[in-house]
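Here is the structure we will look at.
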């Protein structure tokens with residue numbers, strides 16, 4: 001790879017990595033796992049950088065790899081780590097409201113299916129149009145709409161999020 | 001509380017990543033991915049080639065391949081030499097012995113340090129968080145294990161290479177404080193699942209815990225205080 005190519009890739013990483021890490025955290029609920037996921041996605045993008053950089057939307061390509069990696073890691077998940085349905089006990093004294101909200105959101109997300117979570121994150125956090133979400137997930141636009149609708153309904157009913165919104169809206 | 005969109009709520013929850021990802025680490029990972037794929041292709045070719053020699057590979061003295069993928073240089077003079085690639089197997093529960101190193105308690109919060117001995121007879125690697133469950137009066141509790149939450153268990157996991165007989169450690173916390181009308185549940189033993197494994201090893205330990213209060217850290221090479 002030429003120096004220019006490496007520079008272009010470095011610029012892509014610098015401009016996108018924080019957004020990708022946020023997306024990955026919302027998918028995994030864990031910063032270490034999120035960083036691992038993003039590094040894998042970016043490494044795969046680098047190995048095909050000629051094709052990725054010349055694509056109409058390199059972002060969409062990387063996000064698709066990210067979501068696929070997430071799906072793969074979910075399939076490999078080991079028994080023993082069970083997504084928590086309840087807020088943890090406050091063992092260490094007071095926890096800041098922001099941290100409580102973060103735990104509540106992460107816990108609520110773990111109660112969605114992985115596809116519901118991916119649709120919510122790509123559609124409403126990354127603001128991708130439904131067609132791009134469908135392309136990233138390899139499904140129909142109609143599936144994105146119905147999955148997103150069900151995911152929002154579940155979040156609205158989730159008692160963990162009751163204190164942080166008055167009706168989750170798209 | 002203001003109404004807000006799901007996007008705002010999720011973005012607020014995620015906040016800023018704690019670390020930036022460096023390009024060199026991405027490039028290094030891409031090289032490793034390429035090596036693994038090259039190794040898999042070469043190994044597949046080796047399997048096909050071995051098929052032609054049939055039982056010769058099974059004769060006494062033939063190289064043994066267990067969990068290691070070892071691809072050495074070809075013995076055929078005219079064949080191009082290939083780079084040796086060795087993949088160390090991951091540590092599994094079946095090849096691990098565990099015991100409690102220390103138990104400390106204060107203000108209703110118990111801290112337990114666990115020592116894991118590699119009994120597999122070979123070097124292995126481990127990365128990540130173990131899984132845990134506890135056995136009580138009504139069987140396995142199905143506790144919800146949380147990662148991190150205390151300073152000494154909030155570090156990021158690192159890959160640890162453990163030689164045969166070597167040790168690694170992890171720490172878990174639990175609370176026995178009665179809150180919201182719930183009571184703690186007594187346990188007489190625990191099971192630990194090594195990261196990325198599907199089987200568990202037994203851990204002799206007793207206590208009384210709130211099932212949602214278990215918090216643990218990653219497997220580490222550093223002996224806990």
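Does residue B:3 count as at the interface with chain A (Cβ under 8 Å from one of its Cβ atoms), at pLDDT 75 or above and either closer than 30 Å to residue A:112 by Cα or surrounded by 14 or more Cβ atoms within 10 Å (Cβ to Cβ) (or both)? No; evaluated as a whole, the condition is false for this residue. Condition check for residue B:213 on (1) exposed (fewer than 14 other Cβ atoms within 10 Å of the Cβ); (2) closer than 30 Å to residue A:102 by Cβ; (3) touching a residue at least 12 places away in the same chain (Cβ under 8 Å): one failure, at (1). In the stretch B:211-225, of all residues being under 17 Å from residue B:103 (Cα atoms) and within 12 Å of chain A (Cβ to nearest Cβ), the one that is modelled with the lowest pLDDT corresponds to B:213. Residue B:122 fulfils the conditions (1) surrounded by 14 or more Cβ atoms within 10 Å (Cβ to Cβ); (2) within 14 Å of chain A (Cβ to nearest Cβ) except for a single criterion, (2). Kindly indicate whether any position in the stretch A:31-39 is under 14 Å from the mean Cα position of the chain (by Cα), more than 13 Å from chain B (Cβ to nearest Cβ), at pLDDT 80 or above and surrounded by 21 or more Cβ atoms within 10 Å (Cβ to Cβ). No, there is no match, as no residue in the stretch A:31-39 is under 14 Å from the mean Cα position of the chain (by Cα), more than 13 Å from chain B (Cβ to nearest Cβ), at pLDDT 80 or above and surrounded by 21 or more Cβ atoms within 10 Å (Cβ to Cβ).
Scanning the stretch A:114-137 for residues that are more than 13 Å from every other protein chain (Cβ to nearest Cβ) and free of Cβ contacts under 8 Å to residues at least 12 places away in the same chain, we see that the one that is nearest to residue A:69 (Cα to Cα) is A:134. One residue alone among A:154, A:123 is surrounded by fewer than 20 Cβ atoms within 10 Å (Cβ to Cβ), under 16 Å from residue B:10 (Cβ atoms) and at pLDDT 85 or above, and that residue is A:154. Going residue by residue through the stretch B:184-196, is there one that turns out to be assigned to a strand (DSSP E or B), more than 8 Å from every other protein chain (Cβ to nearest Cβ) and modelled with pLDDT under 90? Checked the stretch B:184-196: at least one residue is assigned to a strand (DSSP E or B), more than 8 Å from every other protein chain (Cβ to nearest Cβ) and modelled with pLDDT under 90. If you go through the stretch A:10-29 and keep only what is out of contact with any helix residue (DSSP H, G or I) (no Cβ under 6 Å at 6 or more places or on another chain) and without any contact (Cβ under 8 Å) to a residue 60 or more places away in the chain, you end up with A:11, A:12, A:14, A:15, A:16, A:17, A:18.
The values are calculated or read from the model by the stated rules, or taken from the named source; none is laboratory data. Just so we're clear, the structure is a prediction, and the values are computed from it rather than from any experiment. All Cβ positions, glycine included, derive from the backbone under ideal geometry; neighbour counts span all protein chains shown.
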